[in-house]
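Each remark here refers to the structure printed beneath this line.
The values are calculated or read from the model by the stated rules, or taken from the named source; none is laboratory data. Owing to the predicted nature of the structure, the values given are computational and were not obtained by experimental measurement. Cβ coordinates were reconstructed from backbone atoms using ideal geometry, including for glycine residues, and neighbour counts include every protein chain displayed.
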Amino acid sequence: MITASLHPRQHEREAGPRTDGQVSRWQDEMADAITSPEALVAALGLDPQLLTAAHAAAAGFRLRVPRSYVARMRPGDAHDPLLRQILPVAQELEEVADYGIDPVGEHAALRAPGLLQKYHGRALIITTSACAVHCRYCFRREFPYSEQTGDAPRWSAALEEIARDGSLEEVILSGGDPLSLSDARLTSLTDALTAIPHVRRLRIHTRQPVVLPSRVDDGLVGWLATLRLPMVFVLHANHPNEIDAEVRAACARLRASGVTLLNQSVLLNGVNDDAGVLAELSRRLFEAGVLPYYLHVLDRVRGAAHFEIAESHARRIAGELSARLPGYLVPRLVREVYGAPAKVTLPPRFPNQEPG
Ligand SMILES: *Cc1c(COP(=O)(O)O)cnc(C)c1O
Ligand code: SF4
């Protein structure tokens, strides 16, 4: 059940040490992430006047950002498009009509604890609440993870349900960020899924290769090498400044492991609401071996209203974007519509087109 009363993301310590007792570099980096507004302001030389609001907004949904991601921000620029995605601000505390705690109807889509299905043939496991970064616009920022990712045997109900339903040919690992899990836990999950005969494809929705590229290490590559099912990673980058040499190297390793790489973005006011920025994002993704997949309009989660772009404007941006790039570099502008059998495509609007 999705209820407002439970505080989300109670289980933040997912990764744990490796089974051999060693801690990987990415685990160190995750533990060393910036979680205090003071540390963020100091790292970037920002105006300390931001702190009061940052503390107030972070009380509801904690600040969290890896240092390697902060290093891609422009020092001293409070409007940096990467900073804007992670800095808690006063507007988050404003109550706005139509912005709720379950904006995309996930409560109704629960088939078993931690298992969501909305669309034919594929179901989504909420594997963990932990993320390397906390995105202020996240539609699951109010998700009651403690109920849906419980403790061991946490995935058994989801796995049983998948095994029971022969129509499920694809399983999506989501969260939180599934790559917050240790390699050993990922292995046990994918082993269990591979043992289900009707499961033909695996998919992971993850932001880690972008925000914490050190996660794509020898251990992860070793796990991928054991997989017997095709694997798709849907990454999540919103701005071209997120794609640096380390991210390109991480993507290259994933591709060398046979992973199909796609990207989804969220159209965000003050971050990427510009066809030129989105076109450059597509080019950089392509250079990293990643194809754009979806461009989501914002889901109306409480605390994120200041990121919204009106649908008519979103369609104009999408029209301008598709006028600049080959079709395979244009993500589909989509909205999540309650009860619809697929994500709903919003048609691009071209400059000389009649309104409609
Ligand atoms: C978005 C979503 C998917 C994936 O949809 P695709 O169109 O296959 O990318 C699957 N399950 C749920 C519950 C979703 O919200
Ligand atoms: S990484 Fe994904 S799940 Fe985690 S906070 Fe960001 S958008 Fe939400």
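In the stretch 242-277, which residues are of a type outside the set (A, V, I, L, M, F, W, C), touching a helix residue (DSSP H, G or I) at 6+ places or on another chain (Cβ under 9 Å) and part of a helix (DSSP H, G or I)?
Within the stretch 242-277, Glu242, Glu246, Arg248, Arg253, Gly276 qualify.
Restricting attention to the stretch 105-144, and to residues there that are surrounded by fewer than 19 Cβ atoms within 10 Å (Cβ to Cβ) and either part of a loop (DSSP other than H, G, I, E, B) or within 13 Å of ligand 2 (Cβ to nearest atom) (or both), which single residue is nearest to the chain's Cα centre (by Cα)?
Among those residues, the one meeting the criterion is Gly105.
Spot the failing condition for Ser129; the list is (1) out of contact with any Lys or Arg (no Cβ under 7 Å at 6 or more places or on another chain); (2) away from ligand 1 (no atom under 13 Å from the Cβ); (3) at pLDDT below 95, and only one is missed.
(1)
Between a first residue in the stretch 326-339 that is over 13 Å from Ala279 (Cβ atoms) and a second residue that is outside any loop (DSSP other than H, G, I, E, B) and of a type in the set (Ser, Thr, Tyr), which pairs have beta carbons less than 9 Å apart while being 6 or more apart in sequence or on different chains?
Arg332/Tyr293; Arg332/Tyr294; Arg332/Thr345; Leu333/Tyr294; Leu333/Thr345; Val334/Tyr294; Val334/Thr345; Arg335/Thr345
Applying the selection to the stretch 145-168, what residues are more than 16 Å from ligand 1 (Cβ to nearest atom) and either among the charged types (D, E, K, R) or part of a loop (DSSP other than H, G, I, E, B) (or both)?
Across the stretch 145-168, the qualifying residues are Glu147, Gly150, Asp151, Ala152, Pro153, Arg154, Trp155, Glu160, Arg164, Gly166.
Identify, from the list Ala314, Ala340, Ala318, the residue that is assigned to a loop (DSSP other than H, G, I, E, B) and in contact with a strand residue (DSSP E or B) (Cβ under 9 Å, 6 or more places away or on another chain). Talk me through it step by step, then tell me what you get.
Numbers: Ala314 fails: assigned to a loop (DSSP other than H, G, I, E, B); Ala318 fails: assigned to a loop (DSSP other than H, G, I, E, B).
Testing whether each residue is assigned to a loop (DSSP other than H, G, I, E, B) and in contact with a strand residue (DSSP E or B) (Cβ under 9 Å, 6 or more places away or on another chain) leaves just Ala340.
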